[in-house]
1. When you scan region 177-187, do you find a residue that is touching a Phe, Trp or Tyr at 6+ places or on another chain (Cβ under 7 Å) and within 16 Å of the ligand (Cβ to nearest atom), even just one?
2. Would you confirm, using the coordinates I've provided, whether residue 173 is under 15 Å from the mean Cα position of the chain (by Cα) and either free of Cβ contacts under 8 Å to residues at least 60 places away in the same chain or not in a strand (DSSP E or B) (or both)?
3. When the residues of region 92-106 are narrowed to those that are assigned to a strand (DSSP E or B) and not hydrophobic (A, V, I, L, M, F, W, C), which ends up surrounded by the fewest Cβ atoms within 10 Å (Cβ to Cβ)?
4. Just for region 107-132: of the residues that are in a helix (DSSP H, G or I) and out of contact with any Gly (no Cβ under 8 Å at 6 or more places or on another chain), which one is surrounded by the most Cβ atoms within 10 Å (Cβ to Cβ)?
5. Scan region 72-84 and tell me whether some residue there is within 16 Å of the ligand (Cβ to nearest atom), farther than 17 Å from residue 213 by Cβ and buried (at least 19 other Cβ atoms within 10 Å of the Cβ).
6. With (1) without any contact (Cβ under 8 Å) to a residue 12 or more places away in the chain; (2) under 14 Å from residue 169 (Cα atoms); (3) in a loop (DSSP other than H, G, I, E, B) as the list, and residue 205 as the residue in question, which single condition is left unmet?
7. Return the total of residues in region 17-67 being surrounded by fewer than 16 Cβ atoms within 10 Å (Cβ to Cβ) and either assigned to a loop (DSSP other than H, G, I, E, B) or within 16 Å of the ligand (Cβ to nearest atom) (or both).
Amino acid sequence: MNKGVQLYEGKAKKVFETENPELLIVSYKDDATAFNGLKKGTIEGKGVINNRMSNALMQMLAKKGIPTHFVKELSERDTLVKRVQIVPLEVIIRNISAGSFAKHYGVEEGIVFDAPTIEFSYKNDELGDPLLNEYHALALKLATKEEIETIKDLSFRINEALKEFWLSCGVTLVDFKLEFGRLSDGTIVLADEISPDTCRLWDSKTHEKLDKDRFRRDMGGVEDAYREIMGRLEKQIGG
Ligand code: UDP
């Protein structure tokens, strides 16, 4: 499958058409942004890691009955995916307080919740991805009631599967962001990526951050953290 016309270039990925109108090629870059594009940089090797990690996790989720856009890994940075219409909602699931949750509610990071939380933001760069609730999403016709129910159900199931997987790697899944898409027949599937760019992943014992917060917060050791988390995943799925 060859890359055709470039459809889109985002912050971390490019998307290309293929000869099959139902399939696209996603190409992962090393570019990193934070704070709605205000902070820009490069994380060397990130594209290769995020591509392989996202694909491995989506295949694991597919085995557990979660529908995803993943079709086939084509190369280190390129993956064939089903063409979807992205639902313009970012879904954030949290197991532990961190990031904007800690800031908004004035609590420290690291509080373990009794049950996971879910929140939505409107995927709109110009508006800075504002938070919204289900009623707002319906009013704005971003998704139907049924689609929102499906997205919530899938998101919590994904959380359980990912939490269990990362725990087996000695990693605590703190929070993460998901995006969903509609296939041409309207089926909702998991899309975008699952990677250290979109998840907070802490070493279970030391609580060391093994994700993009190292870049966001200028903590150093960014590349090492991405390599470390990828190594743990590969050890787990390889053996
Ligand atoms: N996240 C993301 N893209 C976004 C916003 C958040 O992938 O545009 C992820 C982020 O990596 C974290 C989780 O969603 O794992 C929760 O992020 P939060 O709302 O705390 O925002 P942040 O502090 O990252 O701005």
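1. Just the residues of region 177-187 that are touching a Phe, Trp or Tyr at 6+ places or on another chain (Cβ under 7 Å), to begin with: none.
The answer is no, given that none of the residues of region 177-187 is touching a Phe, Trp or Tyr at 6+ places or on another chain (Cβ under 7 Å) and within 16 Å of the ligand (Cβ to nearest atom).
2. Working: under 15 Å from the mean Cα position of the chain (by Cα): yes; either free of Cβ contacts under 8 Å to residues at least 60 places away in the same chain or not in a strand (DSSP E or B) (or both): no.
No; evaluated as a whole, the condition is false for this residue.
3. As a first pass, look at region 92-106 and keep what is assigned to a strand (DSSP E or B): 92-96.
Okay, now just the ones that are also not hydrophobic (A, V, I, L, M, F, W, C), so 94-95.
On the way: 94: 22, 95: 19.
Per the criteria, the residue is 95.
4. Taking region 107-132 and keeping what is in a helix (DSSP H, G or I), we get 125-127.
The next check asks that each one be out of contact with any Gly (no Cβ under 8 Å at 6 or more places or on another chain); those that pass are 126-127.
Working: 126: 6, 127: 10.
Here the answer is 127.
5. The first filter runs over region 72-84 and keeps only residues within 16 Å of the ligand (Cβ to nearest atom), leaving none.
No, the conditions are met nowhere in region 72-84.
6. (1)
7. Selection size over region 17-67: 15.
Conditions tested, residue by residue: (1) over 23 Å from residue 117 (Cβ atoms); (2) of a type in the set (Phe, Trp, Tyr).
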position: 165; (1), (2): no, yes
position: 188; (1), (2): no, no
position: 217; (1), (2): no, no
position: 227; (1), (2): yes, no
position: 236; (1), (2): yes, no
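The values are calculated or read from the model by the stated rules, or taken from the named source; none is laboratory data. Since this is a predicted model, take the numbers as computed values, not measurements. In this analysis, Cβ positions are derived from the backbone assuming ideal geometry, glycine residues included, and neighbour counts consider all displayed protein chains.
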